[in-house]
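The values are calculated or read from the model by the stated rules, or taken from the named source; none is laboratory data. Everything numeric in this text was worked out from a predicted model, so none of it was measured. No Cβ is skipped: glycine too gets one built from the backbone with ideal geometry, and neighbour counts run over all protein chains shown.
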Amino acid sequence: MTEHDLLKHIYQPCVKRLSHWLAPTHLTPIQISLIAFAMSIISAWLFASEYYAGLFFGSLLAFLALSLHLVAEEIRRLNQVPLERFQKVDKAFIFYSELFLIAGLSAHLALNNPKILSLLLGLLAATGILLLEKFKERSPKELWSYFKFIEHPSMRISLIILFSLINLPILAVFLIAVLSNGLVLSGILENKKN
């Protein structure tokens, strides 16, 4: 099962219902993507609270925001909006949403753990995300090839949602930091050998 199939199974019921509600409103795909981005910022703010309730409601809002990004893609297809223009804007919104969510989780961790360690972990996760975007050509072999799913922003946000729901936000930030940076470094080392 690919990342796309997994996301489709998880988000499809919500995407179908939201598409049904939003199609008659005549919102453009970019407007829907902007709404999803605003929801992600609120989600990050909720994550930054000290309590589990912030993680719980922030996770639900992040799930809804990611579903809205998928709805925007669906409506773009239905309205035959040119892919290139929409994709650039939507990709930017998803990218910044993810960074905000990482920042919110890092703030939450800093309230309950050593501040410097929490912020360092958040910084490593954000750096890994940035580097994955910068170094597109990677050919990692063996062990790291199993973690290529971390390249997809939707999968990383899904990890954030899942681990925040089960009250393990530190695991989400840790996995994103280690896997994204590990994938980039293994790709760089592999390309230097060739």
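Consider segment 112-129 and keep the residues that are in a helix (DSSP H, G or I) and surrounded by fewer than 14 Cβ atoms within 10 Å (Cβ to Cβ). The one that is modelled with the highest pLDDT is Leu120. Pairs meeting the criteria (first residue in segment 90-101 and on the phi < 0 side of the Ramachandran plot, second residue of a type in the set (D, E, K, R) and assigned to a helix (DSSP H, G or I), beta carbons under 9 Å, at least 6 apart or on different chains) are Asp90/Glu73; Asp90/Arg76; Phe95/Glu133; Glu98/Arg156; Leu101/Arg156.
For Leu22, are the conditions met, namely being part of a helix (DSSP H, G or I) and modelled with pLDDT under 90?
Spelling it out, Leu22 is indeed part of a helix (DSSP H, G or I) and modelled with pLDDT under 90.
Of all residues in segment 41-63, at least one satisfies being surrounded by fewer than 22 Cβ atoms within 10 Å (Cβ to Cβ) and closer than 19 Å to Ala92 by Cβ. Residues in segment 29-59 that are assigned to a helix (DSSP H, G or I) and free of Cβ contacts under 8 Å to residues at least 60 places away in the same chain: 13 in all.
Checking each residue of segment 158-170 against the condition of being buried (at least 16 other Cβ atoms within 10 Å of the Cβ) and more than 16 Å from Ser106 (Cα to Cα) gives at least one match.
Conditions first: (1) within 19 Å of Ile150 (Cα to Cα); (2) more than 12 Å from the chain's Cα centre (by Cα). Asn113 passes all but one, so which condition is the exception? So Asn113 meets the others, but not (1).
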